[in-house]
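Single-structure report; data block below.
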Amino acid sequence: MREIIELLEAKKTLELKRLPYSHSSLAPVLTQDNIDFHYGKLARGYVDRFNRGEGDKTFNEAGAFLHNTLFPQFRAPKNGNAPRGKILDLINRHHTSWVDFKKHFEEEALKVQGSGWIYLSKSGQIKTIKNHAKRTDIALLVDMWEHSYQNDYHSDKGKYIENLWRIMNWDAINSRL
């Protein structure tokens, strides 16, 4: 049985999900240059290295998984973009209100140093991921690696997080719950 599992794992290939929008659609929150680099080069690199058997297989698979979770949850910027449906119920149940949740989420996100991610779990908890790791409980995900904000926001991680709320696709996020 172990040999069959190893054979299946050896033949496993990953794909980078197509974006449900153009590379320029998220501007000015995330510029086309940012998406070209972050999605087109870095996320693509995790998939390609995994498929070629290069580098750390677990790291590359987790990097591909996280980016395939991240990018589909975005949409064109919208002022006043607020959660609705199941995600709003989850937020209100565990964080009192959307305003309180945003404040707490942003505070925790700013604590992430270096390489990491922050997310709202399906159980309502705000959690972090150091480096890359697959998680099955992600409702909403934010990349806090420097490459995700440096091109557009330089060192201002707070402004990056604040602006991301404008591009969250709450329907995509609700589909995870």
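Below, the figures for the structure above:
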{"item": "Residue among V99, V29, V47 with the largest mean-square fluctuation in a Gaussian network model of the chain, springs linking Cα atoms under 10 Å", "result": "V99"}
{"item": "Gain in span if fully extended, D137 to R176, counting 0.36 nm per residue against the direct Cα distance", "result": "13.2 nm"}
{"item": "Burial ranking of peptide ranges 114-121, 53-60, 80-87 (average Cβ count within 10 Å, highest at the top)", "result": "114-121, 80-87, 53-60"}
{"item": "Where a label projected 7 Å from the Cα of N151 along Cα→Cβ would reach, residues of segment 61-80 with amide N under 15 Å", "result": "71"}
{"item": "Violating pairs (Cα-Cα greater than 24 angstrom) within the set K11/K130; K78/K103; K130/K157; K86/K111", "result": "K11/K130; K86/K111"}
{"item": "Surface share of carbon and sulfur [accessible, 1.4 angstrom probe, percent] for segment 1-137", "result": "51"}
{"item": "Euclidean distance of C-alpha centroids, segment 40-87 and segment 153-177, integer Å", "result": "13"}
{"item": "Computed lengthening from T31 to A82, 0.36 nm per intervening residue step minus Cα-Cα distance", "result": "16.2 nm"}
{"item": "Magnitude of the charge dipole, the chain, Cβ model with Lys/Arg +1 and Asp/Glu -1, debye to 20", "result": "420"}
{"item": "Virtual spin-label span in nm between S24 and H94, 7 Å along Cα→Cβ", "result": "3.8"}
{"item": "Cα lying deepest toward the dipole's positive end in segment 27-129, options A82, F105, T31, charges on Cβ", "result": "A82"}
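The values are calculated or read from the model by the stated rules, or taken from the named source; none is laboratory data. From a predicted model like this one, the values you see are computed outputs, not experimental measurements. Please note: Cβ atoms are built from the backbone with ideal geometry, for glycine as well, and neighbour counts cover all protein chains shown. The protein model used for the area step is the full one, side chains on, heavy atoms only, and it has no ligands, DNA or RNA in it. Shrake-Rupley method; radii C 1.70, N 1.55, O 1.52, S 1.80 Å.
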